[in-house]
1. Residues that are under 21 Å from VAL75 (Cβ atoms), assigned to a loop (DSSP other than H, G, I, E, B) and not polar (S, T, N, Q): does region 26-35 have at least one?
2. Within region 42-51, can one find any residue that is free of Cβ contacts under 8 Å to residues at least 60 places away in the same chain, basic (Lys, Arg), surrounded by fewer than 16 Cβ atoms within 10 Å (Cβ to Cβ) and not in a loop (DSSP other than H, G, I, E, B)?
3. In region 71-87, what residues are among the aliphatic types (A, V, I, L, M) and within 15 Å of LEU27 (Cβ to Cβ)?
4. Out of all the residues in region 34-45, is one or more of a type in the set (Lys, Arg) and in contact with a Leu (Cβ under 9 Å, 6 or more places away or on another chain)?
5. Given the condition among the β-branched types (Val, Ile, Thr), on the phi > 0 side of the Ramachandran plot and free of Cβ contacts under 8 Å to residues at least 40 places away in the same chain, answer yes or no: does some residue in region 6-13 qualify?
6. Give region 67-86 a look and list any residue that's outside any loop (DSSP other than H, G, I, E, B) and either surrounded by 11 or more Cβ atoms within 10 Å (Cβ to Cβ) or free of Cβ contacts under 8 Å to residues at least 60 places away in the same chain (or both), or say none.
7. Please determine whether any residue of region 1-14 is under 16 Å from the mean Cα position of the chain (by Cα) and surrounded by 10 or more Cβ atoms within 10 Å (Cβ to Cβ).
8. With respect to LYS86, is the statement that it is within 16 Å of the chain's Cα centre (by Cα) and of a type in the set (Lys, Arg) true?
Amino acid sequence: MQKSIGKWRIEDDPFIDEWTEDEYEELILNLQETVRSGGFVYAAFYDDQLKGFVSVESNLFGTSQKYADLANIYVSEDMRKHGIGKALFDAAKA
């Protein structure tokens with residue numbers, strides 16, 4: 001969902017599973033900054049390969065400062081439908 005000219009609208013945003021080297025480097029820097037600032041990053045590995053991750057920013061928001069920003073959640077295409085996303089989301093909630 002995206003806000004445009006004062007109104008919310010739904011847009012297709014197809015997920016791309018293959019990242020360029022630059023996109024991957026930017027992601028790593030963002031995740032490192034999340035950890036440095038007191039946020040949460042949790043990862044799932046299979047055969048020593050990263051297959052999923054979730055990150056939650058440290059700053060709470062909302063009128064009573066009780067909401068957290070789930071900034072990223074990702075599971076590689078070959079590992080989807082195995083409960084990894086749910087496990088990552090549950091870790092972020094905790």
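1. no
2. Taking every residue of region 42-51 in turn, none turns out to be free of Cβ contacts under 8 Å to residues at least 60 places away in the same chain, basic (Lys, Arg), surrounded by fewer than 16 Cβ atoms within 10 Å (Cβ to Cβ) and not in a loop (DSSP other than H, G, I, E, B).
3. Answer for region 71-87, where residues must be among the aliphatic types (A, V, I, L, M) and within 15 Å of LEU27 (Cβ to Cβ): ALA71, ILE73, VAL75.
4. First pass over region 34-45, keeping only residues of a type in the set (Lys, Arg): 36.
From the residues that got through so far, the ones that are in contact with a Leu (Cβ under 9 Å, 6 or more places away or on another chain) too are none.
Among the residues of region 34-45, not one is of a type in the set (Lys, Arg) and in contact with a Leu (Cβ under 9 Å, 6 or more places away or on another chain), which makes the answer no.
5. Looking through region 6-13, none of the residues is among the β-branched types (Val, Ile, Thr), on the phi > 0 side of the Ramachandran plot and free of Cβ contacts under 8 Å to residues at least 40 places away in the same chain.
6. Once the filter is applied, which keeps residues that are outside any loop (DSSP other than H, G, I, E, B) and either surrounded by 11 or more Cβ atoms within 10 Å (Cβ to Cβ) or free of Cβ contacts under 8 Å to residues at least 60 places away in the same chain (or both), region 67-86 yields TYR67, LEU70, ALA71, ASN72, ILE73, TYR74, VAL75, ASP78, MET79, ILE84, GLY85, LYS86.
7. Start the filter on region 1-14 by keeping residues that are under 16 Å from the mean Cα position of the chain (by Cα), which leaves 13-14.
Okay, now just the ones that are also surrounded by 10 or more Cβ atoms within 10 Å (Cβ to Cβ), so none.
So far as region 1-14 goes, no, none of its residues is under 16 Å from the mean Cα position of the chain (by Cα) and surrounded by 10 or more Cβ atoms within 10 Å (Cβ to Cβ).
8. Yes: the conditions hold for LYS86.
Where a number appears in this text, it was derived from the coordinates with a stated rule and is not lab data. Source: prediction; values computed, not measured. Heads up, the Cβs are rebuilt from the backbone with ideal geometry, glycines too, and the neighbour counts pull from every protein chain shown.
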